[in-house]
Amino acid sequence: MKFSPRSKRKFSFLEAFKSMSFLTKLCFSWLVILVLTAIFADLIPGLDDPNYQAWLFDTTGNELRNDTPSWNHWLGTDVNGRDILARLIYGARVSLAVVASGVTCGVVFGGLFGSFVGYVRGKREAAVMATIDVILAFPGLVLLLTIITFVGARDLKVLCIIIGALSIPIYTRVARANALTISRREFVAAAEALGTKQRTILIKEIVPNVLPTVLAYALVAAAVLVALEGALAFLGLSVESPAPSWGNMINLARADLRVTIWPAVWPSLALVFTVFSLNNVGDWIRQKAQKRAAAI
Amino acid sequence: MLAARLVRLVATLLAVSFLTFFLVNTLPGDPINALIPPDAQQDQEFVAQLREEYGLNDPFLVRYGSWLGDAINGDLGRSVITDQLVTDEIKHRIPVTAELAVVSIGLALLLAIPLGVTAGYRQGTKIDQSISALAQFLLSIPSFIVGLILIYFLSIRLRWLPATGWTRLTESVTGNIKTVIMPAVSLALTEIAVYTRVVRSDMINTLKETYVLSAKSKGLKDRFILFRHALRPSSLTLTTIVGLNIAGLIGGTVVIEQLFALPGLGKRLLDAIFQRDFIMVQGVTVFMACVYVVINTCVDLFYMVIDPRIRRKS
């Protein structure tokens, strides 16, 4: 039996999109385009060249270094004559992979973990929260840097695993805080009074009600992750060159700032706009989630 | 109660040191690889001798115990690469990082408090919306991009400030200001956004309090009420947020010190990482985490000192 109230109206994507402000619509569209191009990058004609030298029609190779935007290279070329747009699109994959792994691990493991300890309380809760306090006592970037140094191998898979694992504690904290309030609600008491098993209450009552808040948090956390990967790549500690990532593109362009700024401008814009979009859409979803929480 | 807080502080510090030591010593990748290049590892005898010297053969807990004992006595070991004492390096470099952090927090508060107060006071108006939008925008620019923009305009185009390098305060005050200003502003922008939001939401709540109403009915000027009466409770929240933000700031200084080539602790950590200098990384990481934990304990204690309500409750 299900006790917590649920909305009778079916979720309509179109309606939700219409209720966004113009800016939020813009941000949302940017995120959708970003995700689609990153996923289907290999299908875009002329983009599958591993050296990122030809974009659409151009096959002249890498003679044009630090070139300005042109018909052949829509955003120009970088110091090695590689097409910036092509590298931006493949760089988006790195950001996307990091976000996907951080959010998935965080929501699944952190969300479940937090819901569990927030509901059962007692010694298990104390032990888990103490561990989390210690992990969160480290400045995040410093902990990340230390782990990356000692893991040695540095490719996208390893990076995703590390970031995924490090995402769990903070999500656990968020989920626990919510589970604490949810487990005091009358529908949980009702389920308990009827002798429902703890595990059933956890899965049917607690988790579904904790999830929206955790998901709303996930978008804001995603913005932090994109910026974090940017910083990491800027320091040369994300995917290894020549593989592109927005942060290492900016770092590469930094040396030529006196000659041309464009190779630095494009990835910076992509990074800033993506972080801004995630924050903006995240704020919008948080407001929706708050309204929903107030309703139940 | 003070004693309980101090016990917790010591427990956290121990746990933090243990976790760092655990990470550095058990993650894949033999520390011996960091000590000598692969081709030198053919010499089995030499490798065995090194293992003995660095105590790599002892059980994990024994190694942790002896390292902790040394650490408490102020000895974090010697750099594998340069043979410098880790503690000497920290002492030498912490002034740069500390100054950077203090100046950026100062700048951020100086700008965020008026912005937040105005936004909260004029809640819902165009001014409030613009300030909130500005805060959201500032929150979305990573500090290294702000740094690059500043370098491009102020150093490369206008040639007003040096793009990289550091002049110590003891050498020249104006030189020091010239080198600290761009890195500090880069770090401050994100913080401005965070603090403005906090002050704004605090202000909205405080302005509903009855004592604000009574101050108003006494005929006090709005500006006086805002900054003298309404801002006072916000000082508590702000202190907490500043304390919590130190973590982000420490991470930020690593990136910014690298960008501006400042001889700070963050730059040293990165150099050690690239050199795979595991003793230096271990020492600096423990130090940074401990600073963060200690600062937040101080914030908690400070909270109790200035707010009698919290003292009495617990």
Count of residues meeting criterion [touching a residue at least 40 places away in the same chain (Cβ under 8 Å) and facing chain A (nearest Cβ under 10 Å)] in the range B:152-174: 1
Filtered residue count, the range B:269-314, keeping only those that are modelled with pLDDT of 80 or more and assigned to a helix (DSSP H, G or I): 32
Hits in the range A:65-84 (condition: surrounded by fewer than 19 Cβ atoms within 10 Å (Cβ to Cβ) and of a type in the set (A, V, I, L, M)): A:79
Sole residue being at the interface with another protein chain (Cβ under 7 Å from one of its Cβ atoms) and over 19 Å from residue A:140 (Cβ atoms), chosen from A:286, A:254: A:254
Options A:226, A:272; residue that is part of a helix (DSSP H, G or I) and surrounded by 24 or more Cβ atoms within 10 Å (Cβ to Cβ): A:226
Odd one out for residue B:118, checked against (1) in contact with a helix residue (DSSP H, G or I) (Cβ under 8 Å, 6 or more places away or on another chain); (2) closer than 23 Å to residue B:252 by Cα: (2)
Filtered residue count, the range A:236-248, keeping only those that are facing chain B (nearest Cβ under 9 Å) and either buried (at least 24 other Cβ atoms within 10 Å of the Cβ) or in contact with a helix residue (DSSP H, G or I) (Cβ under 6 Å, 6 or more places away or on another chain) (or both): 2
Residues being of a type in the set (Lys, Arg), farther than 22 Å from residue B:300 by Cα and part of a helix (DSSP H, G or I) - total across the range B:211-244: 3
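Residue by residue through the range B:260-271, note down the ones that are open to solvent by less than 10 Å² (accessible area, probe 1.4 Å) and either free of Cβ contacts under 8 Å to residues at least 12 places away in the same chain or within 8 Å of chain A (Cβ to nearest Cβ) (or both).
B:269, B:270
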Within the range A:59-150, helices (runs of 4 or more DSSP H) holding 1 or more residues that are within 23 Å of the chain's Cα centre (by Cα) and within 14 Å of another protein chain (Cβ to nearest Cβ): A:84-105, A:122-136
Leading residue by the ranking (farthest from residue B:258 (Cα to Cα)) among those in the range B:288-304 that are in contact with a helix residue (DSSP H, G or I) (Cβ under 6 Å, 6 or more places away or on another chain) and at the interface with another protein chain (Cβ under 10 Å from one of its Cβ atoms): B:296
Residue check for residue B:181: under 25 Å from residue B:115 (Cα atoms), more than 14 Å from chain A (Cβ to nearest Cβ) and β-branched (Val, Ile, Thr): yes
Residues within the range A:164-193 that are within 14 Å of another protein chain (Cβ to nearest Cβ) and of a type in the set (A, V, I, L, M), tallied: 3
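Please find, among B:167, B:196, the residue that is modelled with pLDDT under 90, within 21 Å of residue B:250 (Cα to Cα) and in the same structural domain as residue B:241 (by TED's automatic domain parsing).
Just one listed residue meets the conditions, B:167.
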Matching option when the condition is in contact with a Phe, Trp or Tyr (Cβ under 7 Å, 6 or more places away or on another chain) and buried (at least 16 other Cβ atoms within 10 Å of the Cβ), among B:246, B:225: B:246
Conditions (1) in a loop (DSSP other than H, G, I, E, B); (2) in contact with a Lys or Arg (Cβ under 7 Å, 6 or more places away or on another chain): number failed by residue B:89: (1)
Candidate set from the range A:205-215 (those that are aliphatic (A, V, I, L, M) and buried (at least 22 other Cβ atoms within 10 Å of the Cβ)); member that is nearest to the other protein chains (Cβ to nearest Cβ): A:214
All positions within the range A:249-267 that are under 14 Å from residue A:88 (Cα atoms) and either open to solvent by 20 Å² or more (accessible area, probe 1.4 Å) or not in a helix (DSSP H, G or I) (or both): A:251, A:252, A:262, A:265, A:266
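Results for (1) hydrophobic (A, V, I, L, M, F, W, C); (2) assigned by TED's automatic domain parsing to the domain that holds residue B:224, shown as yes or no for each residue.
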{"site": "B:83", "(1), (2)": "no, no"}
{"site": "B:105", "(1), (2)": "yes, yes"}
{"site": "B:112", "(1), (2)": "yes, yes"}
{"site": "B:120", "(1), (2)": "no, yes"}
{"site": "B:135", "(1), (2)": "yes, yes"}
{"site": "B:145", "(1), (2)": "yes, yes"}
{"site": "B:149", "(1), (2)": "yes, yes"}
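The values are calculated or read from the model by the stated rules, or taken from the named source; none is laboratory data. Everything quoted here is computed from the prediction, not taken from an experiment. All Cβ positions, glycine included, derive from the backbone under ideal geometry; neighbour counts span all protein chains shown. Side chains are part of the model used for accessible areas, which takes the heavy atoms of the whole protein and leaves out ligands, DNA and RNA. Shrake-Rupley method; radii C 1.70, N 1.55, O 1.52, S 1.80 Å.
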